[in-house]
Amino acid sequence: MTKRKTNKPKKDEKPKVNKELEGFDIEIDAFGEIKTNFDINKINEFLNREVDDKKLRHRKDPYKKEQSDEMDEEQE
């Protein structure tokens, strides 16, 4: 039997991130506290703009005007 190859990233290699989040670093300390170098409000604004939450699709969203307009048309 042959061994499977795993794609493990190199330790020095940084993951690809959106340009708005360049330099973002997150760590969890020994007590389970999350430590970041970005303001949590900035992260939440980014996630609200970029991530589709299917539980909230029925709400009108000021960040995704095109999507909320499409949803209104589909409901009619």
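Rule-based calculations on the coordinates, nothing more; no lab input. Just so we're clear, the structure is a prediction, and the values are computed from it rather than from any experiment.
Exceeding 21 Å between C-alpha atoms, which entries from my cross-link table qualify? They are Lys16/Lys54; Lys14/Lys35; Lys35/Lys60. Long pairs (Cα-Cα over 21 Å): Lys16/Lys54; Lys35/Lys60. By how many nm would the segment from Asp39 to His58 grow when fully extended, if each residue of separation counts as 0.36 nm and the alpha-carbon distance is taken off? Result: 4.0 nm gained on full extension.
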